[in-house]
Amino acid sequence: RPEQSTVYAGRIAAESGRLGRVVSNMLDLARLERGAKIASPRPGDAGSAVSRCLDRLRPSLDDAGLLIELEIEDRLPRVSLDQDALCQILDNLLDNAEKYTREQDHRTASVTVQGTSEGVRITVADNGPGIHGISRGALFEPYRRPDDDNAPAGLGLGLALARSLAVAQGGDLELGEASDTGAVFVLTLARCDS
């Protein structure tokens, strides 16, 4: 029926996007295992880079029902970053937020960009159930997933690749403080004074 075609088209587009991310993650993981370079960091403005990335990601996340809240601190230090790698990290983190907040009445993810003495800290937090059933270190290993039969489907590649992309830019990606009110991930990018 015509009224259902829009709903079905939206689902097909969302799942096609997710399949594209899975294929991209698999290819990037293979490149990483071969020792190939996966990022080319240059001095840049993390606030602008995050804003541009979210402009690209927001339509599909809006369609999926996830509200994105963005807060960028003024006068951030310049950092070493790769725009594409940064966007891929955010894509993986927000895709997880979209999957793990599906049981919530009001689904939100907040992205906060703040300056630090070492560079920039980008925090991505959601209002899902939090992360349980897996150790903090194992969370970033390829093919490792929480031991939860109710967890959304996935291969366990997104976080492993996201951390590798962060490290390839001279930064890091860590799980924030444990919480029952959602997952918190902290991406750090190193200051670049040139």
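I need the calculated FRET efficiency for the pair GLU73 and ARG42, taking r as the beta carbon distance and R₀ as 22 Å, to the nearest 0.05. Write out the running numbers ahead of the final one.
On the way: r = 21 Å, r/R0 = 0.96.
Plugging the Cβ-Cβ distance into 1/(1 + (r/R0)^6) gives 0.55.
Going by average Cβ neighbours within 10 Å, how do the peptides 118-129, 59-70 rank, with the highest at the top?
Details: 118-129: 21.2, 59-70: 15.3.
Order by mean packing, descending: 118-129, 59-70.
Ranked highest first by average number of other Cβ atoms within 10 Å, how do 73-80, 89-96, 45-52 line up? Display every interim value, and only then the final one.
Details: 73-80: 16.1, 89-96: 23.5, 45-52: 19.0.
Order by mean packing, descending: 89-96, 45-52, 73-80.
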> Residue-wise, which Karplus ³J(HN,Hα) couplings in Hz belong to the stretch 81-87, taking 6.51 cos²θ - 1.76 cosθ + 1.60, θ = phi - 60°, and x for glycine or proline?
Replying inline: 8, 10, 3, 5, 5, 4, 5
> Residues with amide H under 5 Å of ALA183's amide H, sequence separation 5 or more or different chain, H placed in the peptide plane at 1.01 Å from N; which?
Replying inline: ASP126, GLY128, GLY130
> Hey, with R₀ at 25 Å, roughly what FRET efficiency would GLU177 and ARG52 work out to, going by the Cβ-Cβ distance, to 0.05?
Replying inline: 0.30
> Once you sort the root eigenvalues of the Cα gyration tensor of the stretch 31-115 as a ≥ b ≥ c, which label holds: rounded (a/c under 1.5), prolate (a/b larger than b/c) or oblate (the other case)?
Replying inline: oblate
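Report the calculated FRET efficiency for GLU103 and ASP63 (r = Cβ-Cβ distance, R0 = 25 Å), to the nearest 0.05. List each step's numbers first, then the result.
Values: r = 18 Å, r/R0 = 0.74.
With a Förster radius of 25 Å, E is 0.85.
All of the numbers you see were taken from the coordinates with simple rules; none came from a lab. Since this is a predicted model, take the numbers as computed values, not measurements. Every residue, glycine among them, receives a Cβ derived from its backbone with ideal geometry; neighbour counts consider all protein chains shown.
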